[in-house]
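Worksheet: one structure, shown below.
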Amino acid sequence: MSIRHSLLALLQERPRYGYQLRTEFEDRTGASWPLNIGQVYTTLDRLERDGLIQKDGADGEGHVIYSITPAGLDEVRDWFRAPVGRTNPPRNELAIKLALALTLPAVDVGALIQAQRAVSIRALQEYTKARREAVVHPRPEDTARLLVLDSLIFQTEAEVRWLDLCEARLMQLAGPA
């Protein structure tokens, strides 16, 4: 996830300080990805260093206000225009964990799969419930949240199907009981 570009996208609307950016990011993504405030300020420092934003001074309450520069506008426009690359798939901690578990004799891979499936199904239920609530009482600002929830639902459904496949392959390897 590109926090860098997300912050630039929010700053193209209007200048903000760090906590406002964090809150706005979480609101617009349905609070699906909590953002650490330290990460926000570290990213803002890097964006300023790279000439993509600038400090506009304080707001009277001690908050440093940031605004986007013309170079930052170009950067965020390019980000929105470019598709997300699929050449380097993101690291999947679960896939790495299962791959390693299969190569180690002391790990109960079947139990690992069962425990993960339970967690994934619980998450799927929570995402589905949140989506249902957003649909029953729709607000214009919920469209972005619904898109994020749909994405999380599809990803979690795929994870559960993949876990089923992993379990089936393990049973094939074990042979007839």
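For volume of the Cα convex hull per residue in Å³, computed directly from the structure shown, the correct entry in (1) 123; (2) 109; (3) 171 is (3). Ranked for footprinting exposure by Cβ neighbours inside 10 Å, fewest first, GLU93, GLU157 give GLU93, GLU157.
Which of rounded, prolate, oblate describes region 1-81, given a ≥ b ≥ c as roots of the alpha-carbon gyration tensor eigenvalues and a/c under 1.5 marking rounded, otherwise prolate only if a/b is larger than b/c?
In terms of gyration-tensor shape, oblate.
Here LEU147 and ALA174 are evaluated by their C-beta separation; at R0 = 30 Å the FRET efficiency comes out at 0.15. Of the trypsin sites (Lys or Arg not before Pro) in region 25-86, the ones in a loop by DSSP (not H, G, I, E or B) with at most 12 other beta carbons within 10 Å are ARG86. Span-like helix check, the chain: qualifying full DSSP H segments, with Cα axial length of 24 Å or more and mean Kyte-Doolittle of -1.0 or more, are 109-136, 142-174.
Read-outs throughout are calculated quantities, based only on the coordinates presented, and are distinct from any laboratory measurement. As the structure is a computational prediction, the values presented were derived from the model and not from experiment. Cβ atoms come from the backbone with ideal geometry, glycine included; neighbour counts cover every protein chain shown.
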